[in-house]
1. Pick from 76, 88, 61, 94: which is at pLDDT below 90 and open to solvent by less than 70 Å² (accessible area, probe 1.4 Å)?
2. Step by step: first the residues of region 684-698, then only those that are within 29 Å of residue 597 (Cα to Cα) and touching a Ser or Thr at 6+ places or on another chain (Cβ under 9 Å), then the one that is surrounded by the most Cβ atoms within 10 Å (Cβ to Cβ). Which residue is that?
3. Within region 563-591, track down each residue that is of a type in the set (Lys, Arg) and either touching a Leu at 6+ places or on another chain (Cβ under 9 Å) or assigned by the TED database to the domain that holds residue 540 (or both).
4. So which pairs qualify, if the first residue must be in region 258-271 and among the aliphatic types (A, V, I, L, M) and modelled with pLDDT of 90 or more, the second must be assigned to a strand (DSSP E or B) and open to solvent by 10 Å² or more (accessible area, probe 1.4 Å), the Cβ gap must be under 7 Å, and the two must be at least 6 apart or on different chains?
5. Within region 443-500, track down each residue that is under 30 Å from residue 135 (Cβ atoms) and either over 40 Å from the mean Cα position of the chain (by Cα) or not acidic (Asp, Glu) (or both).
6. Out of (1) buried (at least 16 other Cβ atoms within 10 Å of the Cβ); (2) under 54 Å from the mean Cα position of the chain (by Cα), what's the single condition that is false for residue 638?
7. Output the residues belonging to region 182-231 that are among the aromatic types (Phe, Trp, Tyr) and open to solvent by 30 Å² or more (accessible area, probe 1.4 Å).
8. Could you check region 482-574 for strands (runs of 3 or more DSSP E) lying wholly inside it with 1 or more residues that are basic (Lys, Arg)?
Amino acid sequence: QASFESIRSHPPCKSLSSPKPRYGNECTKASAQSCGECIQAGEKCGWCTDEDFLKQGEQKSTRCDEVEALIKKGCSEASIENPRGTVSVNKNQSLTDRTKDGVKLKPDQITQIQPQKLTLDLRSGEAQTFHLTFKRAEDYPIDLYYLMDLSYSMKDDLENVKNLGTDLMLEMQKITSDFRIGFGSFVEKTVMPYISTTPAKLLNPCTSDQNCTSPFSYKNVLSLTADGFQFNNLVSKQQISGNLDSPEGGFDAIMQNQIGWRNVTRLLVFSTDAGFHFAGDGKLGGIVLPNDGKCHLQDNMYTMSHYYDYPSIAHLVQKLSENNIQTIFAVTEEFQPVYQELKNLIPKSAVGTLSSDSGNVIKLIIDAYNSLSSEIILENSRLPEGVSISYISHCKNGVSEKGENGRKCSNISIGDQVTFEVAITAKGCPSNGKSETIKIKPLGFTEEVEIVLNFICECECHKDGIANSPVCHFGNGTLECGACRCNEGRIGRVCECSKDEVRTEDLDANCRMDNGTDICSNNGDCVCGTCECKKRDNPEERYSGKFCECDNFNCDRSNNKLCGGHGRCECRKCICDANYTGSACDCSLDTSTCLASNKQICNGRGTCECGVCKCTDSKFQGPTCEICPTCPGVCTEHKDCVQCRAFGTGDKKDTCEEQCNYFFLVMKKKKEELPQPNDQPFINHCKERDANDCWFFFTYATKNDSTVEVHVAEELECPSGPDIIPIVAGVVAGIVLIGLALLLIWKLLMIIHDRREFAKFEKEKMNAKWDAGENPIYKSAVTTVVNPKYEGK
């Protein structure tokens, strides 16, 4: 059986800096020497088989390039080898239901995936895409194997499982009419330190008051059967055993599950209340040999547990996938986190919480089955080297996913149909060049799609190769796909030289131009006395010539474009396109850019050179010599002639007939009757003043036949004289008003000044202080005499 692996998608690494622009492509960089090598370089690569395609000095690998580039180089499409990949459907049976025309089908007659076999022709770098359709069949058969931990802690669980067969049969008949059930048990490896190896404990590993069976690694109690009563009968005879450590050896039991599976839905119920041992744990018991993944059952007992280590998780996943077994872990709540992590590593597996006495095991199995069967996950076998595969899922309700999620669809009910878009790409050819076969299948199902991969390693023209062709220098090579494939020991573009007979210095002399010192003008290599020019990074740039003296990128440039973008560079000279000339093809012979608005080239005032007007009179300028900064305007230039012919006035009234007869005069009564811009394409409207300060109006127009037509309005606009009385009245009124305003201003200023002076007086008055002392020169008229003897009595 082929081993299967899951497809993991990884995001591409992103550079932190912007990538530098690169010239060239995968085709030119491959330096392919044959058509086969060319088409393996990339999906866009083609090979030119035209024998005359190569220019002198060009290498054979120049034949290999992108198809569009080859066509630009002169290779016809009919001469380009560009094989494409194909997809062929070899087996495409229609999707079926469980019953057909009332007849119950056998499991191998049911088709749930379509198509069943394809053949892909792969061209390097080109993805081949096809669609796979999956439809869940109704009443699909189920095989269920109940694998139970019979260590002592599961004693009460065993009692409930003894009646599991008939009860589970009744429930599963609601899902399928074809159901089989089996039973197996496990404990632990029968070596220290996993169990006690004392003779008494080997007979009864439990305490003295408990009757337990001898420890064992794995025992197949009942192979798959449709008899639920037989299940109950055999399971009821089972006894609990015991071991020393907490993790159990359940992985050993899973690896030995060769118990008569059919090619139907396979369910393995793994029931335990403990953890698990895995690869490396066997060293504690002195067991170092890795598990070989083979079946070692004798009399339904695993006999090599003491010899082989526990399997690794990866090994376990591989075996479950190979045998299309979907695993249901029925574990106690304590170990839910451990088995949830394990579930993430095992595709198409589920975890259910087992009650302490396994009383809910039937509901757990039904729920887990519904969860597993409602999800479709595609996996493929190991891919050949250089081959990659990608998936896009188209699930229910129009939901599409890419990458990792492109391999799966969820919530699929019976009868639902989903589609997967699969793309397979090869990079190059396998070393042996032989076909390879891969397989794609939905996880948990036995049906698979076989895909044969054929690799396109050679071109069709390879079959028509002419061995020992005279074209290849008297038969020293095979003419294949327009080029010579030299025989052993021969070299050169047409195999004209032998590696052993020709001296290097003699060959180099043929590669020097004009007996110079430079070999192939330093632009190539001398191969067999012939120059093979070097390749440039930019595939659009090429050296050519017998001595590689020519190239197509060193011509004159204009506007930073080779040959001005209007020609091609051949041997360092520009070959200009039609209507262009000059060393850089920058001189246009098209005169349309020199046409003025009057349809004259350069307004008749210059010549058109390289699409640009060269004005003959230096006073004119502009793109079409229409601008004259120092010239009067059209109106001013023709004012005197129009005035003299229309009104008999003006500076030229005496010489009017001689100087002003170059235009046709048309008189109009009013200016509103003059031609408007829409009436004639090129017309000038003029408004000029005469000697009496009156305005007169006219139009000046040049016809297509170069005749001039002038329309003049007879009605003049003259200014009227001033009205004296209003002016005098206005002046007098102004003077009076100005005088009144000045008086009012003077009065206002005086009032303000008086108020300020009065406020100042009031302030000084408030601050004044008066001294109430006696006058120093005042003498009173009254004199008072006191008797000195008077004692106051």
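1. That would be 61, the only listed residue that is at pLDDT below 90 and open to solvent by less than 70 Å² (accessible area, probe 1.4 Å).
2. 686
3. Listed by number, the list holds a single entry, 568.
4. 268/325
5. Once the filter is applied, which keeps residues that are under 30 Å from residue 135 (Cβ atoms) and either over 40 Å from the mean Cα position of the chain (by Cα) or not acidic (Asp, Glu) (or both), region 443-500 yields 443, 444, 445, 446, 449, 451, 452, 453, 454.
6. Every condition holds for residue 638 apart from (2).
7. Hit for region 182-231 is 229, nothing else.
8. In region 482-574, the matching strands (runs of 3 or more DSSP E) lie at 483-486, 567-570.
The values are calculated or read from the model by the stated rules, or taken from the named source; none is laboratory data. All of these numbers come straight from a predicted model, not from anything done at the bench. Backbone-built Cβ (ideal geometry, glycine too); neighbour counts: all protein chains shown. Only protein heavy atoms, including side chains, enter the accessible area calculation; ligands, DNA and RNA are left aside. Shrake-Rupley method; radii C 1.70, N 1.55, O 1.52, S 1.80 Å.
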